[in-house]
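The values are calculated or read from the model by the stated rules, or taken from the named source; none is laboratory data. Not measured: the values here are computed from a predicted model. We place every Cβ from the backbone using ideal geometry, glycine too, and count neighbours over all the protein chains shown. Accessible surface areas use protein heavy atoms only, side chains included; no ligands, DNA or RNA. Shrake-Rupley method; radii C 1.70, N 1.55, O 1.52, S 1.80 Å.
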Amino acid sequence: MCDQTFLAITFGPCDSCSENRPLMNLYIKTEPINYCSLCMEIMACQGLASGETLKSLKAESETLRKKLEEERKKLHDVELEKVAEKAEALGELNMKTRRTLKGHGNKVLCMDWCKDKRRIVSSSQDGKVIVWDAFTTNKEHAVTMPTTWVMACAYAPSGCAIACGGLDNKCSVYPLSLDKDENLAAKKKSVAMHTNYLSGCTFTNSDMQILTSSGDGTSALWDVESGQLLQSFHGHSADVLTLDLAPSETGNTFVSGGSDKKANVWDLRSGQNVQSFDTHDSDINCVKYYPSGDAFASASDDSTCRLFDLRADREVSIYSKDSIMFGAASVDFSLSGRLLFAGYNDYTINVWDVLKGTRVAILFGHENRVSSLRVSPDGTAFCSGSWDNTLRVRQEGRGVGRELKQGGTTLYG
């Protein structure tokens with residue numbers, strides 16, 4: 001999202017020529033180095049075969065990319081909407097706001113659910129991270145960060161810790177306890193350090209590892225206990241704005257999206273970029289895996305949300321309307337995968353039928369752009385965070401909608 005993109009200009013001695021110049025940050029075998037543009041070009045040209053130039057290699061790369069696109073198109077034999085023609089149409093959705101969480105003094109930038117389906121963590125431009133009881137709307141914990149624009153926050157799988165970060169370029173982990181008056185800042189542990197702002201973070205399947213994305217163009221996997229960098233991921237040519245970890249049963253992969261308009265799928269173990277999609281026309285603000293892990297959705301400043309099938313290696317659906325002229329900031333699926341919730345910069349939340357590609361509802365209530373949106377772990381509700389400084393917990397108005405709930409009882413009736 002362009003409004004949340006910050007440029008950090010590094011100036012100092014080049015690690016190669018020692019001259020004081022503007023520096024470019026990059027990693028070689030996980031080791032960070034700072035080279036000036038001249039030394040970067042010299043390094044890039046090293047090892048070129050006779051007659052090869054960077055220009056010729058770029059041309060060859062573009063030719064190969066076009067050939068791959070042609071092969072992909074040969075497999076594009078049917079549209080998702082045609083396959084879904086016989087699927088039963090969804091009934092009318094009547095989503096209602098059940099709880100409104102007020103307490104932030106500025107824009108809410110990120111939020112996440114606890115696995116207990118009741119607690120929520122949110123971060124804001126006011127520099128605060130708040131843990132809420134979404135049922136009572138009480139604040140259970142509040143942490144004041146050393147920076148404004150806390151752009152990322154996440155709950156640990158155990159529910160015993162939270163992670164957050166932003167313009168401080170760090171990802172910090174705070175253990176939680178039952179003592180609501182405890183000073184969490186005293187237990188702060190700085191786990192990850194990037195060379196530009198932290199845009200996203202998520203724990204892996206345990207509390208011991210955390211995955212981060214940053215405006216420095218990289219993502220990274222860290223050990224929480226030691227703060228050691230376990231793996232770095234390089235492939236975006238601009239800020240990485242978002243990431244999402246694949247459901248545990250589908251393997252060790254995650255997807256990231258950035259200001260280079262690309263969504264990349266990565267292997268956590270090898271650090272390799274295994275798939276890449278570049279059909280968006282602007283920044284990708286959010287990516288989210290389909291519940292089965294076989295596809296993912298993206299939200300972009302180009303006013304569209306898109307669905308990408310990983311097995312077919314292509315985009316299979318675009319969710320857009322001519323009347324939608326503002327960017328999409330966040331997306332998430334219902335537990336069944338039939339609904340796609342998308343928050344937009346025009347203050348609305350659009351609900352899409354994933355199979356048919358049609359819009360089934362428009363939700364109002366926020367008074368500024370919807371920056372973050374997440375469905376609860378049991379699928380009975382979803383929460384949205386907004387630049388109007390509030391979070392709203394919503395459910396189907398007739399009780400709990402079958403496509404949103406998928407079994408269980410509700411806390412918010």
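Tabulated results
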{"read-out": "C-alpha center-to-center spacing [the stretch 290-364, the stretch 127-180] in angstrom", "value": "28 Å"}
{"read-out": "Of Lys128/Lys356; Lys107/Lys288; Lys117/Lys189; Lys117/Lys188; Lys117/Lys321, pairs whose Cα-Cα distance is over 29 Å", "value": "Lys128/Lys356; Lys117/Lys321"}
{"read-out": "Protection proxy ranking, peptides 98-109, 310-321, average beta carbon neighbours within 10 Å, highest first", "value": "98-109, 310-321"}
{"read-out": "Dipole moment magnitude, nearest 20 debye, the stretch 192-328 about Cα centre, only Lys, Arg, Asp, Glu C-beta charged", "value": "140 debye"}
{"read-out": "Interchain or long-range residues, amide H under 5 Å from Thr390's placed H", "value": "Val108"}
{"read-out": "Solvent-accessible area, 1.4 Å probe, carbon plus sulfur percent, for the chain", "value": "49 percent"}
{"read-out": "Integer Hz, Karplus 6.51/-1.76/1.60 couplings in order for the stretch 265-270, x for Gly and Pro", "value": "9, 10, 8, 4, 7, 8"}
{"read-out": "Dipole moment magnitude, nearest 20 debye, the chain about Cα centre, only Lys, Arg, Asp, Glu C-beta charged", "value": "1000 debye"}
{"read-out": "Long-range HN-HN contacts of Ser124 with modeled amide H, under 5 Å", "value": "Leu109, Val150"}
{"read-out": "Accessible area per residue, Å², the chain with all protein chains present, probe 1.4 Å", "value": "45 Å²"}
{"read-out": "Area of Met325 that stays accessible when all protein chains are in place (1.4 Å probe, Å², to 10)", "value": "140 Å²"}
{"read-out": "Rounded accessible area of Trp387 (nearest 10 Å², 1.4 Å probe)", "value": "30 Å²"}
{"read-out": "Among Ala84, Val265, Val131 the positive-end extreme of the charge dipole of the chain (Cβ point charges)", "value": "Val131"}
{"read-out": "Most to least accessible of Leu307, Leu54 (protein chains only, probe 1.4 Å)", "value": "Leu54, Leu307"}
